[in-house]
Each structure stands twice: as C-alpha cells, then as structure tokens.
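These notes concern the structure reproduced below.
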Amino acid sequence: MNIQQTVHQAIEKLYQQEITISQVQLQKTKKEFKGHLTLVVFPLLKMSKKNPEQTAREVGEYLLANHSVFADFNVIKGFLNLVIAPAYWVDVLNEIHSTVSYGLTPVQPDAPLVMIEYSSPNTNKPLHLGHIRNNLLGYSLAEIMEANGYRVVKTNIVNDRGIHICKSMLAWQKWGNGATPQSTGKKGDHLIGDYYVLFDQKYKEELKNLEAKGLKKEEAEAQSSLMAEAREMLRKWEAGDQETVSLWKTMNSWVYAGFDETYKRLGVNFDKIYYESETYLVGKEQVLEGLKKGIFYQKEDGSVWADLTADGLDNKLLLRADGTSVYMTQDIGTAKLRFNDYPINKMVYVVGNEQNYHFQVLSLLLDKLGFEFGKGLVHFSYGMVELPEGKMKSREGTVVDADDLIEEMVETAKETSKELGKLDGCSDEEAKQISETVGLGALKYFILKVDPRKNMTFNPQESIDFNGNTGPFIQYTHARIQSVLRKAAEQGLSVPDEIRNGLIITEKEEDLIQILATFNEVVKEAAEMYSPAIIANYIYDLVKEYNQFYHDYSILREENENLKIFRLMLSQNVGRVIKTGFSLLGIEVPDRM
RNA sequence: GGUCCGGUAGCUCAGCUGGAUAGAGCAACAGCCUUCUAAGCUGUGGGUCUUGAGUUCGAAUCUCAACCGGAUCACCA
C-alpha cells in the first residue's frame, strides 16, 4: 500500500466517513519546510468541524500513532507536513532498484494499436528545422506510447506527387545537364531542392519580363510558359506517361536516399511508409462512395462537397469539378489504406498547428464515412519554430536546413569537447562518436524540452550552449555516474540486489529517492498529455538534484561501507532513470565524455 | 470579422486537474579545481504571472470581458 492510500484510509477511519480521492491532497513538501509530504487539510474541515490547525494536528497525531511509515509531523496553517521514516526510503530505493523495466509497461499483445503519423515531407525540398521538431516529437511520442504498453506503428506519408514535384523535374530537365547526386556529390534531396528554387527564380524572371511588356500580374501568370509546361507535366504524370513517370521515379529515389540519411542521423525510423501517389485515388473512391450514400453532395459543376454546417463548420470541397482530388481527399484515402493494413484503435497525426482546422474536418469526415478511429483521432498539434528574427521564410533564405544544423551542432560539440580536454586520450573514432551523441543530444533536448503546443524560438547560439538546462549537461551527469561505478568496480565494490536497512540517510538523499519514485507517473502523464517535454523537465530536475548531492557528499571516499554502497546504488539508479528517460526522447546517453 | 491557440524575470522556458514566500537556465556580478569528470557547484541582484472583474478560506492556475501576439477560415499541399 502506498502512502496516498494509507493516508486515505486513515482519514476515513478517523472520521468514520467515506471520502473521495480529491479530498486527500498530498503533495511534495516545499523545500523551506520540514517534511516530505504535505497534506492540505482544508477539504477535511467539514468533517472534522474544527479549524485548520486543529484538524491538521488531529490527523497528524492519528497517523503517527497508527502507521510506522510516519516519523514525525508539523503543522503550519492548514498544511500538515509529514516526515517519513528513513527506512521507508531505503525500501523504496530497493524496490526501484529491483524493477527491471523501470516502470515502463511491456507492450501487451492485446493492447490498443496506436498509429502515429509523423514527418510527412514533400519530395521537392530538403528537411528543415520545422521537420526536425516534427520528427523528434513523433518519434519520442511513439517511444512514450510504447513505454505505456500500447502497440505502436510509426508511419510516414510522403507527399510525392503534385505540381511542386513537376517544377523540380522540369527545371532539372531544362537546366540540369543530367546532374545526379553521384556526379555532383550532393545529397539527393538538396539537389532536387536546388532545382525547385531554380524553377522559382526562372519563373519570376519570366513574370518580370511579361510584366515589363505591360501585362498585369494575373495575366502574366496565366501566360507563363514555364508554369504551363509544369502543368502539362503533371497531366502527363497523371496519365501515366512513361517518360515522365520514369523521370519522376528516378528523381524521387534520389530524394528518398537523402531523407534516409537525415532520418538515420536523427535516429528516427518508420514501420510503414505511405506515398500519396498510391493513396490519392483511393480517397477519390471513398468520396464517391460517400456521395452515393448521401453523406456528401454534388454541385452542378460536378464538384463534391461535405456539408459540415451542422457541426459548426463550413462546406468543404472534396473533389474538384474535373474530378481531381484535393488534400483532404488524399488524407481520406490514406486513412482507408491504413485501416486495411492495420486494425487501428487510435490514430495520431503529428502535424503543425497551422492545420488544426484541417484535422477538425478530417475527424468529422472519417467519422461520417464510418471509420471507428475517426472521431477520436488525435491531431498532435505542435507550434512553429521561429528564429530570433522572426519566422523562417524560404523566400528570404532564412530557412534553417536540417542537415546543416545537425552538422553545425556536432561540429560545435567537437570543438567544445576538445577545448575542455574531454577528448584527450580518445581515438578518432571515439571522439567522433561522442561529438555526434553530444551535438545531437543538445539539439534534441533543446527542442523537446519545450511544450509541444507552444511556438518556440530557436536561437542558434543558445542551442549550441552546453551549460545549464541542456542535453549535454544531463549526458555529462550520466557519464560521471558511470565513471564512479567503474571506479567502484575497480575497488572491488559492486551494487548488491538489495541494501540492508538501518542507514541514516540525509534529506538530499531522500529527495532524490522521492524524485526517482515518480518516474512511472511521469511517463504515464507524458503519454496522456502527449508531451515529451514533461519527461525532459523531470529528468532535468532529477539531474540538478543529483549534481548537488554529488558535490555535497562523497561516494567512493565515504568511510561507512554501508553508506558507500547505498550511495552507489542511488547513483546507479539515477543513471538508469536518465538513460531510460532519455531513450524515450530518442536521445543517446554516453558512458564517458 | 468567425474559430482555435498563446501572453510568467532583460532573454529562453518550467509551474496551470486551485494551495504555503511563483521556479530553473542564459545573461550580469562575487566565490569554489592538491578531493569520485569544473559541460559542475555556491551566493547576489532581477517579477503588478498582460489588464480588469468574478468564483473561493485560498487564483499564475478556474469563469467572463478587454488588450497584445500567432494560426486558420483556398477548387495550395
């Protein structure tokens, strides 16, 4: 029985009344007061019919008399501060220590199946900072869901069709001179991105020339031969023209190779990838079926619409007059294919908050079409990443490229490590490995520690700082713990399976155990709130607490053998929680740095 | 204009299922490396939690309104 339950039952006995969970408000005692847990007694006043202080004293005395867990108490206003017996903390540490899975629930074969869609890139541009946030959040969420026992399928929907791809293809055809990733030494996604930009440049030039001839902007756009060619290419693609399709395939394969490299370096992966080129036609079928069933309606021009006014939304277009699909249609098709492939219980879309409306609509449409997961679909909506100067604008060249950023982080990690002498005595291979781990750790932690829903500011200079609330600070603490454990082993000391009681331990040590003991709840909360940030901030608190402990107390030089082993065990478990917690964030943790 | 989201130290962020004197990091200043890794630790300064009302024994937290910022309301994806 845990303390919460103990207190709950004790109060019921004391007042001979049933009480609700919300009436037992137990919280961590604030640092400035003596005690571990604090009971707020205001909700109990009606039962005790006494003033707050008297009530608190009464409950305190009762608990102290009847339960050995409590060693002492004090009352300040309506707050009952309970001091918990040292033996209890040692028991808790023993329990934590013996838990193999660390409070992570093993995946059950019959658990609900959660599909998580994330990343979802376009094939005409390399990944940028916004994608990094998406990828990290998506991957981390998948890890967290799995840690809570769900079956998880990670999926990616690649937007591989449409006019934007044709622009790149056209530019490459016209001005590429047969350039390939091999011939240029460029990553495929960057190569294609360059031609996308080139198209835009040439298109603008053309518009300018046309406007110089006295045409209005709209007229110029309508007369643009480049745009006409791109559209013609899209028509050919949709008609299955061999040459076009073959070029499309080749160029896409370059892009995918480039993406894979970035994904791999970021440490994210997928169980199943869908391509819009394969799903958009399915969506059309679904919509037509819905039309037949009377769920949707058709306008005179032949376009198909959904009437969502009853749900407080507008009418939404699903198929154009010419029968081609729109974005929404494709998402319906993708949902259909996915459901055919997996018995999905819950669908989570990791997509930016600029699409909140889209997913509101999608949820309603899928529900109307009979998808069970439709109504309960989760749009894991995250905020944008802004730069200190404002939003990223591709036109102004202020987009932060994912590969460049990663490289810069790793490079800085390397330099800083070198300056601090951390890499002395390392082989080149080890040095490279550590820089990679630390650089990526800094980047990932910087992004994951903030509440996903909020827009965040990404300051390149600050993100590269490795002091304070950063990934490397936490990684460093882990490395130091490992070092202590190694040295202990050299001394012939090892951590036993269980530690004997009767130790006198200090407040700081109790605090640490108390934090360690809440790891389970934190992991659960992170899943419920869809927020890796909760785990990140928890680990930071733990590490900060541990660092103070580490400086105030010696471990290996402790003379009392029992205490030495206790502190080793405590350290080891702090290390285990850091490692487990960070793995839920997709961050690696080094054994030395 | 309608809808949704946000506003906490100079900056970046925690805290938000109501609880005690609102916390970290960065930046500034002052200390600590013959001691298990100084990517660390300790201390000082820094706040009208945007504003106003309401609910309550108690509000950064809940309700309403206003102000500010962002997103969205496409036959773009």
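The string of couplings for region A:531-545 from the Karplus curve (6.51, -1.76, 1.60, θ = phi - 60°) is 8, x, 4, 4, 5, 4, 5, 4, 5, 4, 4, 4, 5, 4, 4 Hz, one whole number per residue in order, with x for Gly and Pro.
Over chain A, give the accessible area per residue in Å² for a 1.4 Å probe, as an integer.
48 Å²
Take A:274-281, A:5-12 and order them by the average number of nearby Cβ atoms within 10 Å per residue, most first; the result is A:274-281, A:5-12. Treating each Cα of region A:358-481 as an identical point scatterer and summing with the Debye formula, the log10 of I(q)/I(0) at q = 0.13, 0.22 Å⁻¹ comes to -0.68, -1.21.
Could you pull out the pairs from A:Lys316/A:Lys393; A:Lys264/A:Lys346; A:Lys213/A:Lys393; A:Lys213/A:Lys236; A:Lys167/A:Lys217 whose alpha carbons sit more than 23 Å apart here?
Numbers: A:Lys316/A:Lys393 29 Å; A:Lys264/A:Lys346 27 Å; A:Lys213/A:Lys393 30 Å; A:Lys213/A:Lys236 31 Å; A:Lys167/A:Lys217 20 Å.
Table pairs above 23 Å Cα-Cα are A:Lys316/A:Lys393; A:Lys264/A:Lys346; A:Lys213/A:Lys393; A:Lys213/A:Lys236.
Please report, as a whole percent, how much of the solvent-accessible surface of region A:159-287 comes from carbon and sulfur atoms (probe radius 1.4 Å). That share works out to 49 percent. Couplings for region A:271-283, taken from phi via the Karplus curve 6.51 cos²θ - 1.76 cosθ + 1.60 with θ = phi - 60°, read 8, 8, 10, 10, 10, 5, 4, 9, 10, 5, 6, 5, x Hz in order; Gly and Pro are left as x. Sequence-distant contacts, meaning Cα pairs under 8 Å at least 6 residues apart, place the relative contact order of region A:482-593 at 39 percent.
Considering every pair of different Cα atoms, what Kirkwood radius, in Å, is found for region A:25-167?
Details: mean 1/r = 0.0494 Å⁻¹.
For region A:25-167, inverting the mean 1/r across all distinct Cα pairs yields 20.2 Å.
Each 10 Å bin from zero holds the following percent of Cα-Cα pairs in region A:507-583: 18, 49, 24, 8, 1.
If the Kirkwood radius is taken over C-alpha pairs of chain A, then at 10 °C and 1.306 mPa s the Stokes-Einstein diffusion coefficient equals 57 µm²/s.
How much of the accessible area of region A:385-486, probe 1.4 Å, is carbon plus sulfur, in whole percent?
On the way: 2310 of 5140 Å².
Answer for region A:385-486 is 45 percent, counting heavy atoms of protein chains only.
If you average the sequence gap of Cα pairs under 8 Å that are 6 or more apart and divide by the length of chain A, what percent do you get for the contact order? 15 percent. With one equal scatterer per alpha carbon and no solvent term, the Debye-computed log10 I(q)/I(0) for region A:208-265 at 0.23, 0.26 1/Å reads -0.84, -0.94.
For region A:156-203, what does the convex hull of the Cα positions come to per residue, in cubic angstrom? Kindly include the intermediate steps, with their values, before the conclusion.
On the way: hull volume 3.8 nm³, N = 48.
Hull volume over Cα atoms, normalised by residue count, gives 78 Å³.
Highest average first, the peptides A:504-514, A:549-559 ordered by how many other beta carbon atoms sit within 10 Å of their residues are A:504-514, A:549-559.
Remark on A:His128: its backbone amide H falls under 5 Å from those of A:Ala402, a criterion applied only to residues 5 or more positions apart or on other chains, H modelled at 1.01 Å from N.
Couplings for region A:84-89, taken from phi via the Karplus curve 6.51 cos²θ - 1.76 cosθ + 1.60 with θ = phi - 60°, read 9, 4, x, 4, 4, 5 Hz in order; Gly and Pro are left as x.
Tell me the net charge near A:Asn315. Cut-off is 13 Å between Cβ atoms, A:Asn315 excluded, with +1 for each Lys or Arg and -1 for each Asp or Glu.
On the way: positive: A:Lys299, A:Lys316; negative: A:Asp307, A:Asp311, A:Asp314.
Summing Lys and Arg as +1 and Asp and Glu as -1 gives -1.
Can you classify region A:199-301 as rounded, prolate or oblate using the Cα gyration tensor, where a ≥ b ≥ c are the square roots of its eigenvalues, rounded means a/c under 1.5, and otherwise it's prolate if a/b beats b/c and oblate if not? Because a/c hits 1.5 or more and a/b fails to exceed b/c, region A:199-301 counts as oblate. Solvent-accessible area assigned to carbon and sulfur over region A:506-572 amounts to 42 percent, based on a 1.4 Å probe.
The values are calculated or read from the model by the stated rules, or taken from the named source; none is laboratory data. A quick note: this is a predicted structure, and the numbers were derived from the prediction, not measured. Counting neighbours? That spans all protein chains shown, and the Cβs are built from the backbone with ideal geometry, glycine included. Ligands, DNA and RNA are stripped out before the accessible areas are found, and what is left, the full protein with its side chains, is counted by its heavy atoms. Shrake-Rupley method; radii C 1.70, N 1.55, O 1.52, S 1.80 Å.
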